[in-house]
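Below: one structure, written as structure tokens.
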Amino acid sequence: MSDFFIILIQAIVSGLLMGGIYALAAVGLTLIFGVMKIINFAHGSFMMLGMYTSYWLFVWFGLHPYYSLVISFIVLFILGGLIQRFLISRIEHTEAQNVLLLTLGLSLALDNLVAFLWTADYRTIKPTTFSGTAFIGEIMVSVPKLMAFVLSLLLTVGLYLFLKKTDTGKSIRAIADDIEGSHSVGINIRRISLICFGIGSGVIGVAGSMITPFFPVSPSVGSVFVMTAFIVVVLGGLGSFWGALLGGLVIGLAESIEATYHPGAMQQFVTYIIFILTLLFRPTGFFGGKSA
Amino acid sequence: MRNVLTLNHRILAKIVAFFLLVVFLVLPVANPVYLHILIMALLYAYLGSCWNILSGYTGQFSFGHTLFFGVGAYVSTILFVKLGISPWLGMWLGALLSMVISLFIGFLCFRYGLKGPFFALATLAFAEMFRIGANNLDITNKASGILIPMTGTSITTFQFHEKGVYYGIIIVFNVIIILITFFIQRSRLGDYFEAIREDEEAAQSLGIDTFKYKLVALAISAFLTALGGTFYAQYSLYLDPHICFGVGNSIEILIRPILGGIGTILGPVIGALCLAPVSEFAREVLRGWSGAYLIIFGVILVVAILFLPDGIVGFVKKHFFQIKMEGEGR
Amino acid sequence: MALLEVTNVKKSFKGLTVFKDLSLNVNKGEIVGLIGPNGAGKTTLFNLITGFHKPDQGSITFEGQAITGLQPHLICKKGIVRTFQIVKPFPKLTIFKNIRIGAYKLVTDKKIAEQKANEVIRALDFEGEKHMLPSQLTIGGLKKLEFARALATYPRLLLMDETMAGLNPTEQDAMIDMIKKINYAGITIFIIEHHMKVIMSLSHRVIVLNDERKIAEGTPQEVSRNEEVLKAYLGDSRAC
């Protein structure tokens with residue numbers, strides 16, 4: 001194989017792997033948006049908290065992030081649920097940007113509180129299992145990234161099945177379709193909103209845990225991901241599950257190819273260019289029916 | 001009832017006047033540190049007022065307003081440092097460029113009906129683009145930023161050794177923006193802006209070209225915000241992409257009007273004056289803890305959204321004057 | 001030439017057909033009632049006329065000019081204004097300001113706009129509520145506000161969507177009087193209404209929609225004797 005193809009395939013592989021993570025980050029956001037029609041700006045901060053959960057559990061107890069991601073899910077599910085119940089539910093029926101402002105305030109407080117507690121330093125962990133790189137032919141694949149990718153896909157599919165098959169999942173989808181109708185058929189909207197926000201938050205916590213083996217932990221890490229997740233959601237179509245998955249992969253690929261051919265700090269720039277092109281030519285995203 | 005109200009008004013007016021006199025005249029003379037704090041508070045009162053025209057009156061929340069601030073700051077600074085063009089001239093060019101950029105962004109966003117949180121995040125995305133751009137371009141001197149050489153006090157270079165001059169300038173800026181807001185609120189334009197904020201469909205059905213007037217609000221806001229950017233550049237004599245285009249500055253711009261009361265003439269100024277002692281306390285007293293004021297900002301934002309939906313101005317009007325918001329609006 | 005002509009309009013949403021091929025006219029000076037069971041597409045028709053939706057096919061003309069697919073504010077400028085079934089006041093602005101915003105359609109000068117707003121307020125006997133906020137009004141007051149705001153644009157055709165819903169009989173009678181008064185002053189009225197009594201006493205002509213099409217048209221008496229109309233209405237108990 002020529003070098004050109006090796007480099008290209010390498011870029012595609014790395015891009016898809018990262019794209020899986022972006023997709024998972026976006027799935028939580030799109031789930032919450034689809035059902036509650038709100039955007040959680042603290043989404044990135046929740047991811048950061050998931051990362052710290054796994055980081056400390058590894059440092060203190062040697063617990064591998066692939067195990068501690070369960071704890072991340074629980075911690076963030078509870079935190080998300082509490083925030084929904086005691087803060088967001090109070091202003092849900094006011095102007096839509098109020099939730100965004102409130103969660104912006106939360107993320108500001110959370111990020112800086114974490115920076116105060118554990119300093120702004122970048123921290124990394126090196127688990128001994130599921131580490132290193134594997135070679136498929138001449139293509140290099142980072143094992144933790146591959147794991148994260150596979151787990152992301154599994155989790156996305158699992159979440160999809162949960163929404164499709166379980167009673168709670170069906171209620172969530174019913175609310176997403178028609179909130180008044182769901183109310184009249186006796187769905188407890190308060191409870192479902194809480195569960196939905198909890199799951200959305202839990203999922204982003206898991207995404208945080210999964211990337212700790214290869215992504216440095218820091219208090220500000222969330223702010224990078226929240227914008228990417230938002231752009232993925234817009235690209236995929238607001239509230240669309242498979243759109244988030246596809247959008248994530250596209251953004252991952254684009255960033256990786258940009259980084260391969262134009263090394264430098266511009267890779268995020270490509271994400272924003274895609275965002276603007278989406279607004280210009282396909283504002284409803286891949287799977288969106290209506291624009292915002 | 002009527003008499004009690006007027007009496008209350010009078011006493012309150014005297015107290016406020018006395019308080020303002022102390023804050024604006026006595027404190028800065030007493031200690032130059034207060035002067036700096038006041039200049040910064042008034043700068044953000046000004047920027048908040050600019051934001052307020054778009055977000056408070058027209059209801060289009062911008063989370064990326066620092067973009068216009070940054071464009072103003074960079075344009076006048078680059079023209080000054082590289083070509084020797086006076087910032088007094090550069091600031092208008094920066095404002096014009098900022099307006100053009102805002103029209104482009106607004107065109108993209110409003111054409112597809114991006115509203116509320118989506119418009120907010122889209123503006124943030126645009127500001128981030130500029131931050132990444134400024135971090136990587138030679139003309140902005142990448143991440144190291146631009147140090148503006150101090151060439152000595154001169155009117156033409158917009159540089160003064162005396163902080164008092166900056167203080168005077170920023171007071172003039174504030175007087176002008178308050179007058180602009182006042183005239184907008186009293187004009188047809190203000191009615192259109194508020195109609196769009198209150199109910200866009202109803203506004204359309206009454207013949208208001210909502211797309212056009214949202215762009216008008218955005219353009220005015222962007223133009224004026226950029227002027228504040230130039231002021232900041234000439235006052236601090238240093239710029240970098242993070243200060244000019246970072247999310248943090250966008251939050252700084254919007255938090256004061258939200259605290260003070262959006263869609264009111266004095267809300268941003270009142271918010272800025274109330275926030276100044278809090279953030280200075282956090283910055284000075286909790287000096288070892290650099291993010292402390294941001295935690296406080298975050299908490300203030302949460303509390304303001306939950307408990308002060310109409311800001312301090314709305315709260316005071318409701319509880320002390322027993323008149324409804326806008327009840328006296330003409 | 002009729003004032004408003006809707007010709008062969010087709011409209012569907014996500015595969016659900018609302019109108020297959022709808023044509024109807026409203027003549028100058030008329031009060032035309034639009035009735036039909038729920039889901040017959042009455043509000044959709046108003047949305048199509050006022051530009052909030054675009055027809056898939058067909059044309060709409062007003063005073064002989066095509067207005068098909070124009071944006072809502074341009075249609076308002078042509079002289080058509082509507083009220084909304086679910087009232088849409090500007091909640092944080094006083095009644096006076098709400099109405100003044102309508103008055104700005106014709107004039108740019110604030111003083112004249114305020115004069116026009118005051119005229120409407122006086123004509124509708126709204127003076128007591130002038131400085132209130134919409135939240136202080138009853139549902140009857142809010143419906144009146146919709147009406148007043150629309151009237152302040154000095155339209156030539158006024159589309160009224162369920163203006164009577166939620167009003168008590170006294171308020172209904174007052175509203176009927178007002179509608180007759182403004183019609184007398186030269187404004188053509190196209191009105192969606194569920195209350196048969198209102199439609200019967202108000203309309204010069206009634207158009208009945210059902211099953212994606214117009215099923216009947218004529219004077220209130222003619223329509224109320226029409227077999228197809230009776231059939232459509234027997235299947236819908238709400239509509240009487």
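Bear in mind that the values in this text are calculations on the coordinates, not laboratory data. Nothing here was measured: the structure is a model prediction, and the numbers come from that model. Positions of Cβ are backbone-derived with ideal geometry, glycine not excepted, and every protein chain shown enters the neighbour counts.
A simple rule links phi to the HN-Hα coupling: the Karplus curve 6.51 cos²θ - 1.76 cosθ + 1.60 with θ = phi - 60°, which for the stretch C:90-95 gives 8, x, 8, 10, 5, 4 Hz, with x for Gly and Pro. If the segment from B:ARG283 to B:TYR238 were pulled out straight at 0.36 nm per residue, it would be longer than the present Cα-Cα gap by 14.2 nm. The distance between label points at C:SER12 and A:HIS262 comes to 4.5 nm (points 7 Å beyond Cα on the Cα→Cβ vector). With helices as the sole contributors, chain A gives -24500 deg cm²/dmol at 222 nm; each DSSP H run of n ≥ 4 counts as -39500 (n - 2.57), and the sum is divided by every residue.
Ordered from longest to shortest, the equivalent ellipsoid semi-axes for chain C are 29, 21, 16 Å, each the square root of 5 times a Cα gyration tensor eigenvalue.
Working from label points 7 Å from Cα in the Cα-to-Cβ sense, the A:ARG190 to A:ILE139 distance is 5.2 nm. To the nearest ten degrees, helix A:3-36 and the longest principal axis of the Cα atoms of chain A are 10 degrees apart. Packing here is the average count of other Cβ atoms within 10 Å per residue, and on that basis the peptides B:194-207, C:133-146, C:172-185, highest first, run B:194-207, C:133-146, C:172-185.
Result for chain A in a Gaussian network model with C-alpha springs under 10 Å: among A:LEU113, A:LEU16, A:LEU280, the largest mean-square fluctuation is at A:LEU280. Cα centroids of the stretch B:87-133 and the stretch C:1-25: 41 Å apart.
On a C-alpha basis, how far is the centre of the stretch B:261-290 from the centre of the stretch C:108-177 in Å? Whole number, if you could? One Cα centre to the other: 44 Å.
Here's the picture: a label point sits 7 Å out from the Cα of A:VAL224 along the beta-carbon direction, and within the stretch B:119-150 the residues with their amide nitrogen under 18 Å of it are B:125, B:128-136, B:143. Fewest-first ordering of B:VAL303, A:VAL99 by other beta carbons within 10 Å of each residue's beta carbon gives B:VAL303, A:VAL99. Taking the C-alpha atoms only, the angle from helix C:139-151 to the longest principal axis of chain C is near 90 degrees.
Taken along its principal axes, the alpha carbon cloud of the stretch B:1-148 reaches lengths of 61, 43, 24 Å, longest axis first. According to the calculation over all Cα-Cα pairs in the stretch A:1-154, the P(r) per 5 Å bin from zero is 2, 8, 14, 17, 17, 15, 12, 8, 5, 3, 1, 0, 0 %. Residues B:VAL75, B:VAL100, A:VAL234, B:VAL22, ranked from the fewest to the most other C-beta atoms within 10 Å, line up as B:VAL22, B:VAL100, B:VAL75, A:VAL234. Its relative contact order, with pairs defined as Cα atoms under 8 Å and 6+ residues apart, puts the stretch C:84-154 at 50 percent. As a proxy for reagent exposure, ranking A:VAL206, B:VAL299 by other Cβ atoms within 10 Å from fewest up yields B:VAL299, A:VAL206.
Taken about its Cα centre, the protein assembly as shown carries a charge dipole of about 980 debye when Lys and Arg each add +1 at the Cβ and Asp and Glu each add -1 at the Cβ.
DSSP beta bridges fully contained in the protein assembly as shown are about 65 percent antiparallel. Rounded to 0.05, the FRET efficiency of the A:LEU154 and B:SER290 pair, given R0 = 41 Å and the Cβ-Cβ distance, is 0.55. Charge tally around C:LYS78: other residues with Cβ under 13 Å, Lys/Arg +1 each, Asp/Glu -1 each, net +3. Screening chain B for whole DSSP H helices with an alpha carbon extent of at least 18 angstrom along the helix axis and a mean Kyte-Doolittle hydropathy of at least -1.0 yields B:2-21, B:32-51, B:66-83, B:87-111, B:116-136, B:163-186, B:210-236, B:247-260, B:267-285, B:292-307.
Counting only alpha carbon atoms, the long axis of helix A:221-236 and the longest principal axis of chain A meet at about 70°. Approximating the spin labels as points 7 Å out from Cα along Cα→Cβ, the C:ASP56-to-C:ALA165 distance works out to 2.5 nm. Tell me, rounded to the nearest percent, the portion of alpha carbon pairs in chain B spaced more than 27 Å apart. That tail contains 45 percent of the Cα-Cα pairs. Think of it as helices only: each DSSP H run of n ≥ 4 in chain C is worth -39500 (n - 2.57), and spread over all residues that comes to -10500 deg cm²/dmol at 222 nm. Return the tail of the calculated pair distribution for the stretch B:9-58, meaning the percent of Cα-Cα pairs more than 18 Å apart. Value for the stretch B:9-58 (Cα pairs over 18 Å): 51 percent. Based on DSSP H segments of at least four residues, each scored -39500 (n - 2.57), chain B has a per-residue ellipticity at 222 nm of -24000 deg cm²/dmol.
Between the alpha-carbon centres of the stretch B:159-211 and the stretch A:84-139 there is a gap of 36 Å. Placing R0 at 45 angstrom, the Cβ-Cβ distance between C:LYS28 and B:ARG186 gives a FRET efficiency of 0.70 after rounding to 0.05.
Look at the dipole of the protein assembly as shown built from charges on Cβ: of A:MET266, B:THR140, B:LEU227, the Cα furthest out on the positive end belongs to B:LEU227.
Looking at B:LEU54, A:ILE276, C:GLY33, which one has the Cα that reaches farthest to the positive end of the dipole of the protein assembly as shown (charges on Cβ: Lys, Arg +1; Asp, Glu -1)? It is C:GLY33.
The equivalent ellipsoid of the protein assembly as shown has semi-axes of 49, 38, 25 Å, largest first, where each one is the square root of 5 times an eigenvalue of the Cα gyration tensor.
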